[in-house]
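Report on the following structure.
Quick note: the coordinates plus some simple rules give every number you see, no bench work behind them. No experiment lies behind these values; they were computed from the predicted model shown. Cβ sites come from the backbone with ideal geometry, for glycine too, and all protein chains shown count toward neighbours.
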Amino acid sequence: MSYLVPHLRSGWVVDQAILAEEERLVIIRFGHDWDETCMQMDEVLASVAETVKNFAVIYLVDISEVPDFNTMYELYDPSTVMFFFRNKHMMIDLGTGNNNKINWALKDKQEFIDIVETVYRGAKKGRGLVIAPKDYSTKYRY
């Protein structure tokens with residue numbers, strides 16, 4: 001499914017994608033295209049891309065091809081989804097203790113759309129941290 005979502009192939013292109021978008025949320029999935037967790041997340045991202053296109057844009061970055069952000073964003077998980085708005089990293093409280101990113105594959109499309117809408121609304125209001133519509137703190141349940 002990763003072929004349905006645009007790939008960013010260098011650190012400069014990733015920076016430009018984040019900088020250039022003024023009105024929409026930038027969603028970037030960092031990971032490996034061959035990883036099973038990434039494939040599941042890419043399927044959800046590809047399926048919601050058309051739905052959220054008015055207020056969010058989705059990109060994929062292969063962390064072995066573009067290692068520039070690995071230490072900066074602590075990209076050690078198989079799949080990492082991060083949100084940016086007007087060149088600012090948006091944090092989201094998912095109840096997991098890590099407010100910087102989503103580091104597991106969501107399987108429900110509507111659930112991801114709800115998260116994107118929540119982050120976008122908070123970003124438009126100038127908030128740097130938003131609270132997710134669902135609490136993911138229950139261990140091994142997401």
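Tell me, PHE84, PHE30 in order of fewest to most beta-carbon neighbours within 10 Å?
With the sparsest Cβ surroundings first, the list reads PHE84, PHE30.
Just how large is the dipole of region 2-131 about the Cα centre, in debye to the nearest 20, putting +1 at every Lys and Arg Cβ and -1 at every Asp and Glu Cβ?
Working: 13 positive and 20 negative charges, 129 e Å.
Using Cβ point charges on Lys, Arg, Asp and Glu, region 2-131 gives about 620 debye.
Longest segment of the chain with no trypsin sites (Lys or Arg not before Pro) in a DSSP loop having at most 15 other Cβ atoms within 10 Å?
Between the exposed loop sites, the longest stretch runs 54-106.
Would you mind computing, in nm to one decimal, how far apart the modelled labels at GLN110 and TRP34 are, each placed 7 Å from Cα along Cα→Cβ?
In this crude label model, GLN110 to TRP34 measures out at 3.7 nm.
Of TRP34, ILE115, LEU60, whose Cα points farthest to the positive end of the dipole of the chain (charges on the beta-carbon: +1 Lys, Arg; -1 Asp, Glu; origin at the Cα centre)?
ILE115
Taking the Cα atoms of the chain, what is the range of coordinates along each of the three principal axes, in descending order and whole Å?
34, 33, 30
Normalised by the residues of the chain, what does the relative contact order come to in percent, with Cα pairs under 8 Å and at least six apart?
27 percent
Could you work out [θ]222 nm for the chain from helices alone, using -39500 (n - 2.57) per DSSP H run of at least four and dividing by all its residues? Round to the nearest 500 deg cm²/dmol.
-9000 deg cm²/dmol
Whats the longest run of the chain with zero GluC sites (Glu not before Pro) that are DSSP loop and have at most 11 other Cβ atoms within 10 Å? It would help to have the intermediate numbers written out before the result.
Details: sites that count: GLU22, GLU23, GLU50.
So the longest stretch without any such site is 51-142.
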